[in-house]
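The values are calculated or read from the model by the stated rules, or taken from the named source; none is laboratory data. Keep in mind it's a predicted model, so treat the numbers as computed, not measured. FYI the Cβ positions are ideal-geometry reconstructions off the backbone, even for glycines, and counts take in every protein chain you see. The accessibility values were calculated without ligands, DNA or RNA, using every heavy atom of the protein model including side chains. Shrake-Rupley method; radii C 1.70, N 1.55, O 1.52, S 1.80 Å.
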Amino acid sequence: MYSQKFQTFIDMWREEFAIERSIDEKVCLDRDGNPIPWYTYPAIEYLSQFDYTDKKIFEFGCGYSSLFWAKRAGKVISIEDNLNWFDKWQKEFSEPNLDIKWRDEGEIYEQAIFEENEKYDVIIIDGKRRNFCAETAVKALNDGGMIILDDSDRVNTSAEYVKTIDILKSADLLQVDFYGFCPMNNYTKTTSVFFSRNFNFESLYKVQPVNGWGNLWSKSRKDRKEFYRKNK
């Protein structure tokens, strides 16, 4: 039998994070059915605070994250290397500002970031050839932007990730690591964000941080007292 406190903890993960559905159904969705990236929850909540209305996003690796960004940003280009997944996303995703491209011919994959001849405010490295993608990403990053590297904790066992992180840090980007659980998994991982030193994105809110999922301070004073009473 679980203690009441531990049951409350489980209920919070089930209801606020929708983690049970995400694991069992293999979907990256929040409690309201909105698409979220396969990043750690702390990274998702942090990134969700900013206004991307006029931002251009480039993704190495397509998925639910593509919809997450398309619902927030002005323009999203996502590169997929698996033809089966490409066909699936092309059929399922119909956001007008989302352009999904298939690129799977060696260096053509990472060079795809230069096809539009423009720079991007957010670049996500979450697909194949990550060290090569890092080399092109730092050249295509807009002033004041950021690069997101998912599964960055693989640096502990992968020479590719060691090289990737070295490239990003050598570009004078500031590394911030977000550890924790993520959608679909029953174990933790790390999503790292590499910020330009003059990162300048506007917040959607008057203050930061805003109350996160399952946060006690999002409740009224009366509800907080009731929570404390039940969880003594």
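Results, tabulated for the structure shown:
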quantity	calculated
Residue list for segment 7-27, restricted to those being open to solvent by 40 Å² or more (accessible area, probe 1.4 Å) and among the hydrophobic types (A, V, I, L, M, F, W, C)	PHE9, MET12, TRP13, ILE23
Tabulated pairs, segment 209-220, first touching a residue at least 40 places away in the same chain (Cβ under 8 Å), second surrounded by 13 or more Cβ atoms within 10 Å (Cβ to Cβ) and basic (Lys, Arg), C-beta under 8 angstrom, 6+ apart or interchain	TRP213/ARG31
Enumerated helices (runs of 4 or more DSSP H) restricted to segment 76-195, each holding at least 3 residues that are open to solvent by 70 Å² or more (accessible area, probe 1.4 Å) and under 25 Å from SER22 (Cα atoms)	83-92
Segment 28-54: number of residues that are open to solvent by 20 Å² or more (accessible area, probe 1.4 Å) and assigned to a loop (DSSP other than H, G, I, E, B)	10
Residue in segment 200-222 that is among the hydrophobic types (A, V, I, L, M, F, W, C), modelled with pLDDT of 95 or more and closer than 24 Å to TYR41 by Cβ present	yes
